[in-house]
Amino acid sequence: MAKWQIDQAHSTIGFEVKHMMVSKVKGQFTNYSADVEVDNLEDLTSAQIEITIDTTSITTNNEDRDNHLKSAEFFDIEQFPDIKFNSTNVTKDGDDYKVSGDLTIKDVTKPVVFDVEYGGKGTNPWGVEVYGFEAETKIDREEFGLTWNAALETGGVLVGKDIKIKVELELNPAQ
């Protein structure tokens, strides 16, 4: 099987969560890596995918919020510096894919399924083939030990339970 790597300059691993029950806060992780092994990126069904995300690289464009997310009340980056995803199964779903796997946050591992759309392939200006994918899933953050919250005076809570994880990847042959 061929090995592929993420082109971080052309990829994003992000998330969004409801804030105060009325709007969304978006953020991303700026440091991550992946090991992708597959015979043919145009057919992911034989793919083995491992992604490691550096939790210290979280950013929401708000330093106070970022520091809170890094604290023991959320990701506890001192004790849990990484989020990991390991695929367990890939199935074709029309023109798209369902990538099942184990997601580990704060030493809690749960199965998740990403809906994956194949964006196509191209050749960059240096003659290297690149492939694009978009993936999305939703998790309940509380199932992973991310339970901090605050009740609102008007009812509801400050931070929603559901986290939408959105991944946009450009893959290149591993060097």
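The values are calculated or read from the model by the stated rules, or taken from the named source; none is laboratory data. No experiment lies behind these values; they were computed from the predicted model shown. For neighbour counting, all protein chains shown are included, and Cβ atoms are generated from backbone atoms with ideal geometry for every residue, glycine included. The area values use the complete protein model at the heavy-atom level, side chains included, leaving out ligands, DNA and RNA. Shrake-Rupley method; radii C 1.70, N 1.55, O 1.52, S 1.80 Å.
Is the stretch 71-175 best put as rounded, prolate or oblate by its Cα gyration tensor, with a ≥ b ≥ c the root eigenvalues, rounded for a/c under 1.5, and otherwise prolate when a/b is larger than b/c, oblate when not?
In terms of gyration-tensor shape, prolate.
Of the candidates E78, E16, E134, which one comes out as most mobile in a Gaussian network treatment of the chain with C-alpha springs shorter than 10 Å?
Per the Cα network of the chain with a 10 Å cutoff, E78 tops the list.
Could you check which residue among V113, V99, V25 shows the biggest mean-square fluctuation in a GNM of the chain with a 10 Å Cα cutoff?
Evaluated over the chain, the most mobile residue of the options is V25.
Summing -39500 (n - 2.57) over the DSSP H runs of n ≥ 4 in the chain and dividing by its residue number, what mean residue ellipticity at 222 nm do you reach, to the nearest 500 deg cm²/dmol?
Mean residue ellipticity at 222 nm (helix-derived): -1000 deg cm²/dmol.
Among Y118, S23, L169, whose Cα lies farthest out toward the positive end of the dipole of the chain, if unit charges sit on the beta carbon of Lys, Arg (+1) and Asp, Glu (-1)?
Among Y118, S23, L169, the one farthest towards the positive end of the dipole of the chain is S23.
At 1.4 Å probe size, what's the solvent-accessible area of Y118? Round to the nearest 10 Å².
Rounded to the nearest 10, that gives 60 Å².
At a threshold of 8 angstrom on Cα-Cα distance, excluding pairs fewer than six apart, so keeping six or more, what relative contact order does the chain reach in percent?
About 26 percent, as a whole number.
Of the cross-linked pairs K24/K164; K110/K161; K18/K98; K3/K26; K26/K98; K106/K138, which ones have a Cα-Cα span greater than 22 Å in the structure shown?
Pairs exceeding the cut-off: K18/K98; K3/K26; K26/K98.
Quick one, which of (i) 118; (ii) 128; (iii) 218 is the actual volume of the Cα convex hull per residue in Å³ calculated for this model?
Among (i) 118; (ii) 128; (iii) 218, the one calculated here is (ii).
Order the following by accessible area, largest value first: W4, W126. Probe radius 1.4 Å; ligands, DNA and RNA are ignored.
Heavy-atom accessible area, descending, gives W126, W4.
Enter the mean projected area of the convex hull around the alpha-carbon atoms of the stretch 38-126, in nm², rounded to one decimal.
8.1 nm²
I'd like the distance separating the alpha-carbon centroids of the stretch 17-86 and the stretch 99-133, in whole Å.
For the stretch 17-86 versus the stretch 99-133, the Cα centre distance is 13 Å.
Note down the magnitude of the dipole of the chain about its Cα centre, charges +1 on Lys and Arg C-beta and -1 on Asp and Glu C-beta and zero elsewhere, to the nearest 20 debye.
380 debye
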